[in-house]
Amino acid sequence: MSSASLSLDGNTYDLPLITGSEGERGVNIARLRSESGMITVDPGYTSTGSCESAITFIDGEKGILRYRGYPIEQLAEQSDFVEVAWLLLYGDLPNEEQLSEFRAQLTYHSMIHEDMKKFFEGFPNNAHPMAILSAMVSSLSTYYPESEDENEHDQNIIRLLAKVRTLATYAYKKSIGQPLTYPLNRLRYCENFLHMMFAVPCEDFQVNPVMAKALNALLILHADHEQNCSTSTVRMVGSSRANIFASISAGISALWGPLHGGANQAVLEMLQMIQDDGGDYKKWVKKAKDKDDGFRLMGFGHRVYKNFDPRAIILRKMSDELLSELGLSDPLLEIAKNLEQVALEDDYFVSRRLYPNVDFYSGILYRAMGIPTNMFTVMFSIGRLPGWLAHWKELRDSGARINRPRQIYTGANERDYVELAQRG
Ligand code: SDX
């Protein structure tokens, strides 16, 4: 069947069906308003697709996540973040020459203009690094005004991927009163990030290869997730033909919310609160079930995954491995595991199909690397950047129209203006 029939006010409208490469089907309602005068309404977009995309496939029922057809489990195990970034952006795994040139470009462009360092002086020391990151990414457009030039897109993609680490680590260094650390060209992507985060002039800092390997996998796991809130924001802003820096800055702001990428910070704060409260995790599971309590089990639940988030499965295993390899233990990991165990046996969570999501364990790993809690969502931004860029590029290359949703008006009907003296 290639169309769906909709009967309205005695009329029947045939709406074409779209079938994706994995058999997903959708009803194309683009002509619905012009033919029937009706629109569809779907607050939160639970059943609404905004586009067709070839970048990432998710099957929420089966817990499947693939980037350009490659299973996330294989990429996290066998690839590295720079290679995955190329895959998301250009559709296939790079060959030796492409990968080598891409790495070189990301190294070459990792510094920011010296004048941009002055911007950091204006932020208060306790400024949230997500506020700094979104402001600084948008400010990059003042240094690359040609960002309106369609041919500059690939160059600006390189600039953003290369410089996001520098901007993020400068925000961290500023917050702890340490001198900003320049990137080192001899280091690879993740090693350079860890160097800029933790090196200080008075020490000969060596990057821990175990941490670099874990960071590569963490960033791969966060690299894309189809039409989530922040990616949809990047596509929304990009659809007006706003420049790439403004579009990504908007995505960073959307990710910051505690219901989205900000959840990884909220999870660690929740685990710390439970520990400080005596560690009675069952008490907090009970509170999460109480509608009147307002407490939510952060890092639990997902709009798409309804059996498990494959990223959470990988991150839980990585948490054990990294802590063991570093010879560390973290009581918050034990609390997290106990919370998961109790919740997965509780009908409230089972009936609502609530499981740990990508944010539930990621903070344990960042913490083991010495990354502070308020930087966790910045880490999510660094990971998600290639996904945002790939969707922005896909949207612009498709020549898509500006996004402009409709609404159902529920306000006052027409009424005449009343002079101030005549008002009640
Ligand atoms: C990310 O979209 C993506 O792909 C996002 C992401 C990505 O990679 O880009 O995967 C990253 O954002 C992961 C999600 C991180 N957020 C959190 O962990 C915050 C806590 N989780 C929730 O707030 C919630 O589960 C959401 C936001 C993730 C999903 O929200 P939905 O789909 O709108 O679901 P809902 O809020 O309508 O909840 C449905 C029911 C409700 O109960 P009832 O009204 O049916 O009785 O489940 C309950 C909710 O109260 N519920 C929870 C809960 N999450 C949902 N109850 C307790 N604790 C929770 N965490």
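The values are calculated or read from the model by the stated rules, or taken from the named source; none is laboratory data. Nothing here was measured: the structure is a model prediction, and the numbers come from that model. Glycine gets a Cβ as well: all are built from the backbone with ideal geometry, and neighbour counts include every protein chain shown. Ligands, DNA and RNA are excluded from the accessible area calculation, which covers all protein heavy atoms including side chains. Shrake-Rupley method; radii C 1.70, N 1.55, O 1.52, S 1.80 Å.
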Note to self: How much accessible area per residue does the stretch 263-368 have, counting only protein heavy atoms and a probe of 1.4 Å, in square angstrom?
What the structure shows: 47 Å²
Notebook entry, point to check: In µm²/s, what is D for the stretch 196-254 at 25 °C and 0.890 mPa s, where D = kT/(6 pi eta Rh) by Stokes-Einstein and Rh is the Kirkwood radius from Cα pairs?
Noted result: 174 µm²/s
Next item on the list: Mind jotting down the three principal axis lengths of the stretch 1-157 based on Cα atoms? Whole angstrom, largest first.
Entry: 67, 39, 34
Next item on the list: May I ask for the distance between the Cα centers of the stretch 379-424 and the stretch 1-57, given as a whole number of Å?
Entry: 20 Å
Checklist line | Carbon and sulfur %, accessible surface of the chain computed with the full protein complex present, 1.4 Å | finding: 50 percent
Next item on the list: Would you be so kind as to identify which of ALA242, CYS229, VAL200 lies farthest towards the positive end of the dipole of the stretch 186-244, taking Lys and Arg as +1 and Asp and Glu as -1 on Cβ and the Cα centre as origin?
Entry: ALA242
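Averaged across orientations, what area in nm² does the convex hull of the alpha carbons in the stretch 98-217 project?
Result: 8.3 nm².
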Check: List the lysines whose alpha-carbon lies under 28 Å from that of LYS291, not counting same-chain residues fewer than 8 positions away?
Finding: LYS282, LYS283, LYS306, LYS337
Check: Which lysines does LYS213 reach when only Cα atoms under 22 Å apart count, and residues fewer than 8 places away in its own chain are ignored?
Finding: LYS163, LYS317
Notebook entry, point to check: Once the dipole of the stretch 337-401 is set up with Lys and Arg at +1 and Asp and Glu at -1 on Cβ about the Cα centre, which of PHE380, VAL342, ALA390 lies farthest towards its positive end?
Noted result: ALA390
Check: Which loop-located GluC sites (Glu not before Pro) does the stretch 246-353 contain, where loop means any DSSP state but H, G, I, E or B and the Cβ has at most 12 other Cβ atoms within 10 Å?
Finding: GLU345
Next item on the list: Indicate the gyration tensor shape class of the stretch 312-392 (rounded, prolate or oblate), computed on the Cα atoms with a ≥ b ≥ c the square roots of the eigenvalues: a/c under 1.5 is rounded; otherwise a/b larger than b/c is prolate and the rest oblate.
Entry: oblate
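Any chance you could run the full-extension gain for ARG406 through LEU93? It's 0.36 nm times the residue separation minus the Cα-Cα distance, nm to one decimal.
Extra length available between ARG406 and LEU93 comes to 108.8 nm.
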Notebook entry, point to check: Relative to the present Cα-Cα distance, how much length would full extension add between MET111 and ARG415 at 0.36 nm per residue of separation?
Noted result: 103.6 nm
Next item on the list: Using per-residue counts of other Cβ atoms within 10 Å, averaged over each peptide, order 384-397, 85-98, 297-310 from highest down.
Entry: 384-397, 297-310, 85-98
Item checked: Leading residue at positive end of dipole, the chain (Cβ point charges), from LEU161, LEU315, ALA135 -> ALA135
Checklist line | Computed log₁₀ I(q)/I(0) - Debye formula, equal Cα scatterers, no solvent, the stretch 74-154, q 0.12, 0.18, 0.19 Å⁻¹ | finding: -0.54, -0.98, -1.02
Item checked: Simple Cβ-charge dipole of the stretch 263-368, Lys/Arg +1 and Asp/Glu -1, about Cα centre, in debye nearest 20 -> 480 debye
Notebook entry, point to check: What is the magnitude of the charge dipole of the chain about its Cα centre, with +1 placed on the Cβ of each Lys and Arg, -1 on the Cβ of each Asp and Glu, and no other charges, expressed in debye to the nearest 20?
Noted result: 660 debye
Note to self: Using 0.36 nm times the number of residues separating THR142 and PHE119, minus their current alpha carbon distance, what extension gain do you get?
What the structure shows: 7.0 nm
Margin query: Can you give me the C-alpha center-to-center distance between the stretch 248-271 and the stretch 138-196, rounded to a whole angstrom?
Written below: 21 Å
Notebook entry, point to check: To two decimal places, what compactness ratio does the stretch 2-49 give when its Cα radius of gyration is scaled by 2.2 N^0.38 Å?
Noted result: 1.23
Notebook entry, point to check: What translational diffusion coefficient, in µm²/s and rounded to a whole number, does the Stokes-Einstein relation yield for the stretch 351-422 at 4 °C and a viscosity of 1.567 mPa s, taking the hydrodynamic radius as the Kirkwood radius over Cα pairs?
Noted result: 72 µm²/s
Notebook entry, point to check: In terms of the ratio Rg/(2.2 N^0.38 Å) built on C-alpha atoms, what value belongs to the chain?
Noted result: 1.07
Margin query: Over the stretch 124-228, with the other protein chains present, what is the accessible area per residue in square angstrom, probe 1.4 angstrom?
Written below: 40 Å²
Checklist line | Alpha carbon convex hull of the stretch 263-368, volume per residue in cubic angstrom | finding: 91 Å³
